[in-house]
Amino acid sequence: MTNVSNEAVALAEIGRLITSSPEFGEVFDATAERISTLIPADTISLSSVDVENGTYSTLFRWGFELSSRSIGMPRDLKGTGAESAVIAGAPIVLTPDQRLNQQSNWAGDGEYPLSAMRSWLVAPLILNGVPIGVLHIRKTEESAYSAEHLALAQNISNQIAGPIALAKLHQDLQRSESELSALANLAVELAEAENASHMYQSIRNTIAKFIEFERISVVTVNSTKNHLVQSYQSGFEVPEIEIGTILNMHDSQERFDAWANELTETSDGGEYLPRGKSRLTHADLGIESRVRAPMITSTGYVGAIALNHRERSMFLQRDQNFLRRVASQAASALEKSILIERAEKEARVQESIARIGRTVSEDLTLVNVYQRVADGIKELVPFDRLSISIFDVETQEMTTEFFVGTAVPGAMPGDNITDSDKTVNWDLSGDNFENKDSTSTESVFESLLKDLGLVSWIQAPFGVQSTGPIGFLSVRSKTENQYDDYDIKILRQVALQVTPAIQNAKLFTQSQTLVEQRHRASILDDENRELQRVADARSQFLSTVSHELRTPLTAISAFSDILSHNRPGNLEERQMSHIDAIRRSTTVLTSLVDDLLDVSRADSGQLSLDKEPYDFQKIITEFSGVGDSITSQKNQRLKIRNFIDPVWINADKSRINQILNNLVSNASKYSNNDSEILISSSINSGRIEIVVEDNGIGVEERNLERVFIPFFRAENPDTQIQQGSGLGLSVVKTLVELHGGAVEMESVVGTGTTVRFWIPGIIDQPAL
């Protein structure tokens, strides 16, 4: 009787404890201690059971540590000892297999060593025939529980079922009251919030009182409802997502409908990510638990609230229920705030557009007007490239006149893009045009635009008239689906606002250009007249000097010839060498005078040729003697290689000889003693080609074209030490071109020079 009496006392004590406080958690430890005096136990826990949903959740525990995040967390009931007890409707002792399954069900937490428990008694709590909970009693010893213990567990579970139900009800009521109070306070805070940022902070703080999370985000639907915007976030960062980021969701309503019942621990699916970016999964971000709820008003979806945690099983159904109530509370206030901010934004936009109009009207320089347009739009519409193209009604051509940002080959300032840029569907009727995805339109620029990343673009016309627009304002972005109808509206308003300024600037530019052209024409006329006067004066001077010099030179040459032939023995050898020197100098001066006279005649257009049929080979053969006399002074060798079969030309023989004389003299002058000068000839494309080669000092590449300019001499020591006028090659060029030919020079400094010229005019051999 003593044992029975003790059990009765213990049961009475348990009954007293559980009814002593509506907060069962406050007395559970004491209750569990008392239970352990009746039934051997190392750990005792109490769980609620939801048979309908197939879950059970730990409410209280004794004898082991379990983190608060596991309290109330639903777990799968199927296959557990708890399910077996519920089915049995009476206390049971778990089999080894049932214990193992129970342990695996909890193994993910690692909260306590269930593997150490060798005996496990489970007793269902049944109220009015409905299972409401399960009592778990565990012992590290094998076979710790008997039939007597099962009977005691039955009595205990019957005794505590009612109080547990009342305690849970009380707990739920307390939470509901707290939630209602928090929601009421939230309504006041939302109504008094100065802006959306304050509203988001109030939403976060309210949720944090009841739900543990590591990240919260609020997304809102934009005005055209074709994409979402990241409006608020707090907690750990998600790569590439910032406040204001446009998110990669186009079917907002369908997505929100799915969110209406979303409570998941899985890592499938993707996070909302910026448009055009690689898709990341929740697993990539380390997210293990998430819950989301849409914000809905009478007009539709406003946005959504999302909570994330990097631990599993962090959110309960009650968490989602509360989150929905918060979302519902916030929806109307947020919509109102968004409408207010949208109105304020519209006011700012209109002021900015008006400011752009005023700014561009202050300047008549076209490029400055374009730059001010770009600077103004930067504050209103995001872009990676902005371009302004103008349409020419007369030529029917569209030309890019200005751009900032990413360069696009073929669409640069000055490029005609009417035919080249097929992605630009130029709407010459003047309606605004939109293409949210450039790559969706077949075009010659498709691959280029993909490479450059310019995937979104919109444009608006300038100055719509009866003849069509004067041009287009275009913006492009590297973000997919960057632009919406509101952006198009802004761009069109800007285009209309700045059209008068662009027209005025173009008229001003045209007038300035005309004035400048007239001024330059006047200056050119004056300069041409002055140049002609100088040329006439130079020509007259050269002609006069040539004639004045020729007379004394002729006399000197004649007297020196007389003296050189007077050899009765009156003149010494030394005197004869002086006379020879006089004769050579006279020849050089005569040649210089002839060149001066030729230059003068060429300037005045009076230089002419006396063409007759000549055997070309004969001309070359006869020149060989003259060439030998030129090269002999420096002990040089003149080699003539003539591969031309007998051929006749219509040419001025004396001038051909003059050309050859000047070229050989020039080659000899700038070549070393004992060197070789080569003359060769051939027929090329029906023309006679003559080549004069030397291995002299050579000519720098930068001077190859300048050597044919009258009086030009290269500025280097090797050239300056040689006497010369800088006329020889100029005369050569003049005479060759008078024959209808051409001359060119190739040279390598330190190696030698090659001059080749062509003479047309090959004729049949004349009849004798």
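Just the residues that are on the phi < 0 side of the Ramachandran plot, at pLDDT 75 or above and not in a strand (DSSP E or B), please, taken from the stretch 232-253.
Start the filter on the stretch 232-253 by keeping residues that are on the phi < 0 side of the Ramachandran plot, which leaves 232-234, 236-239, 241-243, 245-253.
Those still in the list that are at pLDDT 75 or above too: 232-234, 236-238, 241-243, 245.
PHE236, GLU237, VAL238, ILE241, GLU242, ILE243, THR245, listed by residue number.
Conditions (1) modelled with pLDDT of 90 or more; (2) in the same structural domain as TRP758 (by TED's automatic domain parsing); (3) in a helix (DSSP H, G or I); (4) not β-branched (Val, Ile, Thr), marked per residue:
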| residue | (1), (2), (3), (4) |
| --- | --- |
| SER671 | yes, yes, no, yes |
| ILE679 | yes, yes, no, no |
| GLU689 | yes, yes, no, yes |
| PHE712 | no, yes, no, yes |
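For every residue, the table says whether it meets (1) closer than 29 Å to ASN368 by Cβ; (2) modelled with pLDDT of 80 or more; (3) surrounded by fewer than 21 Cβ atoms within 10 Å (Cβ to Cβ).
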site	(1), (2), (3)
PRO413	yes, no, yes
ILE417	yes, no, no
SER420	yes, no, yes
TRP426	yes, no, yes
ASP437	no, no, yes
VAL444	no, no, yes
GLY463	yes, no, yes
LEU473	yes, yes, no
ARG492	yes, yes, yes
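Residue by residue through the stretch 634-651, note down the ones that are in a loop (DSSP other than H, G, I, E, B) and at pLDDT 90 or above. Even if it seems obvious, please write down each step before you answer.
Initial filter on the stretch 634-651 (in a loop (DSSP other than H, G, I, E, B)): 634-636, 643-647.
Selection gives ASN635, GLN636.
Please indicate, with yes or no, whether at least one residue in the stretch 145-162 is surrounded by fewer than 19 Cβ atoms within 10 Å (Cβ to Cβ), part of a strand (DSSP E or B), over 60 Å from the mean Cα position of the chain (by Cα) and not hydroxyl-bearing (Ser, Thr, Tyr).
Of the stretch 145-162, the ones surrounded by fewer than 19 Cβ atoms within 10 Å (Cβ to Cβ) are 146-148, 150-151, 154-155, 158-159, 162.
Going one step further and asking which of them are part of a strand (DSSP E or B), we end up with none.
No, that holds for no residue.
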Take LEU364 and tell me if it is at pLDDT below 75 and either touching a Leu at 6+ places or on another chain (Cβ under 9 Å) or assigned to a helix (DSSP H, G or I) (or both). yes
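Please verify whether the stretch 183-195 includes one or more residues that are surrounded by fewer than 18 Cβ atoms within 10 Å (Cβ to Cβ), within 22 Å of ALA12 (Cα to Cα) and out of contact with any Cys (no Cβ under 7 Å at 6 or more places or on another chain). Full working, then the answer.
Taking the stretch 183-195 first, the residues surrounded by fewer than 18 Cβ atoms within 10 Å (Cβ to Cβ) are 183-185, 187-189, 191-192, 194-195.
Restricting the remaining residues to those that are within 22 Å of ALA12 (Cα to Cα) gives none.
Looking for residues that are surrounded by fewer than 18 Cβ atoms within 10 Å (Cβ to Cβ), within 22 Å of ALA12 (Cα to Cα) and out of contact with any Cys (no Cβ under 7 Å at 6 or more places or on another chain), one finds none in the stretch 183-195, hence no.
Does GLY740 satisfy being at pLDDT 80 or above, crowded, with 19+ Cβ neighbours inside 10 Å and part of a loop (DSSP other than H, G, I, E, B)? Spell out how you get there, then give the answer.
Working: at pLDDT 80 or above: yes; crowded, with 19+ Cβ neighbours inside 10 Å: no; part of a loop (DSSP other than H, G, I, E, B): yes.
Considered against the rule, which asks whether it is at pLDDT 80 or above, crowded, with 19+ Cβ neighbours inside 10 Å and part of a loop (DSSP other than H, G, I, E, B), GLY740 comes out as no.
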What about SER389, is it surrounded by 18 or more Cβ atoms within 10 Å (Cβ to Cβ), at pLDDT 55 or above and assigned by TED's automatic domain parsing to the domain that holds LEU507? yes
Which condition number in (1) in contact with a strand residue (DSSP E or B) (Cβ under 8 Å, 6 or more places away or on another chain); (2) among the hydrophobic types (A, V, I, L, M, F, W, C); (3) not in a strand (DSSP E or B) is the one that ALA333 fails? (1)
Taking the conditions exactly as written (in the same structural domain as THR19 (by TED's automatic domain parsing), modelled with pLDDT of 85 or more and in contact with a Ser or Thr (Cβ under 7 Å, 6 or more places away or on another chain)), does SER84 satisfy them or not? no
List every residue pair whose Cβ atoms sit under 6 Å apart, with the two residues 6 or more apart in sequence or on different chains, where the first one lies in the stretch 471-497 and is over 22 Å from PHE391 (Cβ atoms) and the second, anywhere, is among the acidic types (Asp, Glu). SER477/ASP384; LYS478/ASP384
Give all pairs with beta carbons closer than 7 Å in which a residue from the stretch 498-511 that is under 17 Å from ARG355 (Cβ atoms) meets a residue that is part of a helix (DSSP H, G or I) and of a type outside the set (A, V, I, L, M); count only pairs at least 6 apart in sequence or on separate chains. VAL498/GLY357; ALA501/SER361
Only one of these is surrounded by 14 or more Cβ atoms within 10 Å (Cβ to Cβ) and either under 30 Å from GLU212 (Cα atoms) or aliphatic (A, V, I, L, M) (or both): GLN371, GLN329. Name it. GLN329
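Each row is one residue, and each column tells you yes or no for (1) touching a residue at least 60 places away in the same chain (Cβ under 8 Å); (2) in contact with a Leu (Cβ under 6 Å, 6 or more places away or on another chain); (3) closer than 20 Å to LYS733 by Cβ.
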{"site": "GLU622", "(1), (2), (3)": "no, no, no"}
{"site": "ASP645", "(1), (2), (3)": "no, no, no"}
{"site": "TRP648", "(1), (2), (3)": "yes, no, no"}
{"site": "ARG655", "(1), (2), (3)": "yes, yes, yes"}
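Table: residues versus (1) over 30 Å from ILE243 (Cβ atoms); (2) at pLDDT 90 or above.
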site: LEU150; (1), (2): yes, yes
site: ALA165; (1), (2): yes, no
site: LYS168; (1), (2): yes, no
site: GLN171; (1), (2): yes, no
site: ALA193; (1), (2): no, no
site: ARG204; (1), (2): no, yes
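In the stretch 625-663, what count of residues is obtained for those that are hydroxyl-bearing (Ser, Thr, Tyr) and within 19 Å of PRO613 (Cβ to Cβ)? Show your work before the answer.
In the first step, residues of the stretch 625-663 are kept if they are hydroxyl-bearing (Ser, Thr, Tyr); the result is 629, 631-632, 654.
Now narrow it down to the ones that are within 19 Å of PRO613 (Cβ to Cβ): 654.
So the answer is 1.
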Looking at the stretch 286-326, which of its residues are of a type in the set (Phe, Trp, Tyr) and part of a loop (DSSP other than H, G, I, E, B)? PHE315
Taking the condition of being out of contact with any helix residue (DSSP H, G or I) (no Cβ under 8 Å at 6 or more places or on another chain) and farther than 21 Å from VAL494 by Cβ, how many residues in the stretch 388-409 meet it? 7
Report the residue count in the stretch 49-60 for those that are at pLDDT below 85 and either assigned to a strand (DSSP E or B) or under 16 Å from ILE137 (Cβ atoms) (or both). 7
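The values are calculated or read from the model by the stated rules, or taken from the named source; none is laboratory data. Bear in mind the structure is a predicted one, so any value in this text is a computation, not a measurement. No Cβ is skipped: glycine too gets one built from the backbone with ideal geometry, and neighbour counts run over all protein chains shown.
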